[in-house]
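This report refers to the structure that appears directly beneath it.
Any read-out appearing in this document is the output of simple, stated calculations on the displayed coordinates, not a laboratory observation. None of the values given here were measured: they were computed from a predicted structure. For neighbour counting, all protein chains shown are included, and Cβ atoms are generated from backbone atoms with ideal geometry for every residue, glycine included.
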Amino acid sequence: MKTATPNARNAELARIHIAKAQLGLADDTYRATIRGISNQRTDSAKDLDYGERAKLLEHLRRLGFRDRGALPSRQAAAAKQALIDKIHAHLATASRPWAYADGMARRMFRIERVDWLTPQQLHKLVAAFEYDAKRRARKAAEVGA
């Protein structure tokens, strides 16, 4: 039986959750789909084995999920990490928790976690943080004047 490394497993789970968000699946529909694939054994994707995760991804593709393909290259992963680092810096400057960024990802893109965003979405999130920083600086200057 084929098994996935922890990183590959996490990437597959991330792709499953991205597919759920992209397709706009209701939670009960999503869980029922997982129960069908796992023969009623579980309703959570994290409990699926390699073959079941592959079947679930294939089912989600048939429903219309546009999978962006294989795992990103090292260069793309480094660029994505640089954007995440910028987000982290903005959060630290504004004294906000990481959950704030995850909340922005949910509101802006309907994706639960910043880690699951595409590079294009990360660029938009960084731009939103930069806009917020300028707005806070303008307010601080008005108060100080």
Taking the residues in region 118-145 that are within 23 Å of Asn10 (Cα to Cα) and free of Cβ contacts under 8 Å to residues at least 24 places away in the same chain as candidates, determine which candidate is surrounded by the most Cβ atoms within 10 Å (Cβ to Cβ).
Gln121
Suppose the filter is closer than 20 Å to Gln22 by Cβ, without any contact (Cβ under 8 Å) to a residue 60 or more places away in the chain and among the charged types (D, E, K, R); does Asp115 pass it?
no
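So, in region 8-64, of the ones that are part of a helix (DSSP H, G or I) and among the acidic types (Asp, Glu), which residue ends up surrounded by the most Cβ atoms within 10 Å (Cβ to Cβ)?
Just the residues of region 8-64 that are part of a helix (DSSP H, G or I), to begin with: 8-23, 27-37, 45-47, 50-62.
Those left that are additionally among the acidic types (Asp, Glu): 12, 27-28, 47, 52, 58.
Numbers: Glu12: 19, Asp27: 9, Asp28: 9, Asp47: 11, Glu52: 17, Glu58: 13.
Top of the filtered list is Glu12.
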Looking for something in a helix (DSSP H, G or I), more than 30 Å from Ala127 (Cα to Cα) and not hydrophobic (A, V, I, L, M, F, W, C) - is there at least one such residue anywhere in region 72-87?
no
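Output the residue which, of all residues in region 88-101 that are assigned to a helix (DSSP H, G or I) and in contact (Cβ under 8 Å) with a residue 40 or more places away in the chain, is farthest from Pro119 (Cα to Cα).
Keep residues of region 88-101 that are assigned to a helix (DSSP H, G or I), which gives 88-93, 98-101.
Those left that are additionally in contact (Cβ under 8 Å) with a residue 40 or more places away in the chain: 90, 93.
On the way: His90: 17, Thr93: 22 Å.
Only one residue tops the list, namely Thr93.
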